[in-house]
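Here is the structure we will look at, set down as structure tokens.
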Amino acid sequence: MTEQAAWPGPLAGLRVLDLTRVLAGPLATQFLGDLGAEILKVEPPGTGDETRSFAPFVGGESHYFVGLNRGKQSLVLDLRQEEGAALLRRLAARADVLVENFRPGVMERLGLGAAGLMEANPRLIYCAISGFGQTGPLRDKPSFDIVTQALTGVLSVNGTEGAPPVKLGLPVGDMSGGIFGAIAILAALHERNATGRGRVIDISLYDGTMSMLGYLAQLAMLNGRDPTPMGSRHPSVVPYDGFPARDGTIIIACLADRFWPKLCAALGCPEMGADPRYATMALRREHRAEIEPRIAAITATRSVAEWEERLAAHDVPHAPVLGVTGALNHPHAAARGMVEEVEHPTAGLLRLLGRPIKFPGAQQAPLQPPPVLGQHGEVVLRDELGLDEAELAALRAKGVVG
């Protein structure tokens, strides 16, 4: 397919008003944009999204902002002024989805609460993403990722046994809001197809992160004890860890009994694979203290590359521990289109992460760069709302638009 014939995606024609900033909200709307929706990012005058000021910069643009706002349009609008709020209401009347991640109550104080916007546009899906949700005793408490990780128990199970707790390197608290926000919006769109009406969505980073505890939550509810940090190990599976190689670390993950004899063959100790004491997952867990040191002593004798070759030959789940640069440059990342190049108006050629969702048989349109602050504002107001040059000039003079 030619670029002109490329498929924009399954959400083509969907209009999303994005009032979000920092991470959780922008990630949710970026996912929707990846799927073909038109995302209009509404930013405050002067600074725009706070992350535009996060160093380091490329071509005057923050690496942080660039990573979470590809393919969006930017409109600078002062919602604290009535003229700005009125323009937002007009845009919301034409939108399919509005996403915001202010603290609960802020939109109501601006005269932009869900009730009023949905009265004017009953088809509007209004998604509020916040730290702790729209209800509950922590509703008004400020929250960032590390706060969420701490309060949901996630931070307590990360790191190594006996060491102080360590937050996950990825901002899983914030990212849970983006992921579950996008899922909820898609579900509400499906419902709207049947009912013709929108819905209010309440997404909290707290709820999303806690839901990711999964089997660890069930373990705690079963035995009444806190799971402890185990480094890269698994509480139930042995071996499932990073093991020393001569020049680095090799990950080995035997998450099924059938891989155990294959691993032992790759390690050159088939007798261990035939030992009845280690025959099942439960037995290997009981003998963890014997098994893991023995594996480590063997893996330390060869390089990571040698172990990759041997483990692959025996069909054992494994991986080298790559840095982020190594991961981005891996041939599989290239084959899956997980790194793409786009031309940015000030930063020039940029490498961006690609879309995580693929549709075999359909070539989606190329990724578009993140916007510079206010890049599309006047075009949107002119084309969408019919403002003329005199009206735009008056709004610029009052600082309502940037």
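Points worth noting:
- Restricting the calculation to Cα atoms, the range 240-322 shows an Rg/Rh of 0.93 when the hydrodynamic-style radius is the Kirkwood one.
- Taking max minus min of the alpha-carbon positions on each principal axis, the range 1-67 gives extents of 38, 24, 20 Å, largest first.
- Rg(Cα)/(2.2 N^0.38 Å) for the range 300-367, N = residue count: 1.53
- Residues Cys264, Cys269, arranged from fewest to most other Cβ atoms within 10 angstrom of their Cβ, appear as Cys269, Cys264.
- In the chain, helices alone account for a calculated mean residue ellipticity at 222 nm of -11000 deg cm²/dmol, with every DSSP H run of four or more residues adding -39,500 (n - 2.57).
- The phi torsions of the range 358-367, fed into the Karplus equation with coefficients 6.51, -1.76 and 1.60 and a -60° offset, translate into couplings of 10, 10, x, x, 10, 8, 6, 4, x, 4 Hz, rounded to whole numbers, with Gly and Pro shown as x.
- Shown here for the range 334-374: trypsin sites (Lys or Arg not before Pro) in loop regions (DSSP other than H, G, I, E, B) with at most 16 other Cβ atoms within 10 Å, namely Arg336, Lys358.
- DSSP beta bridges in the chain [antiparallel fraction, %, rounded to 5]: 45 percent
- Basic side chains Lys and Arg get +1 at the Cβ, acidic Asp and Glu get -1 at the Cβ, and with that the dipole of the chain about its Cα centre reaches some 640 debye.
- Projected-area average for the range 269-402 over all orientations - Cα convex hull basis, square nanometres: 16.2 nm²
- The base-10 log of I(q)/I(0) for the range 36-171, evaluated at q = 0.09, 0.20 Å⁻¹, reads -0.38, -1.30 [Debye formula, identical scatterers on Cα atoms, solvent excluded].
- The Cβ shell under 14 Å around Met338 holds other residues with a net charge of +2, Lys and Arg each +1, Asp and Glu each -1.
- The local environment of Pro320, defined by Cβ-Cβ distances under 12 Å, has a net charge of -4 under the rule Lys, Arg +1 and Asp, Glu -1.
- Tensor-based shape of the range 115-257 (alpha-carbon gyration tensor, a/c under 1.5 rounded, otherwise prolate or oblate): prolate
- Kirkwood Rh and Cα Rg combined as Rg over Rh, evaluated for the chain: 1.05
Values quoted throughout were computed directly from the atomic coordinates according to the rules given, and no laboratory measurement underlies them. Predicted model, so just to flag it, every value in this text is computed and none were measured. Cβ coordinates were reconstructed from backbone atoms using ideal geometry, including for glycine residues, and neighbour counts include every protein chain displayed.
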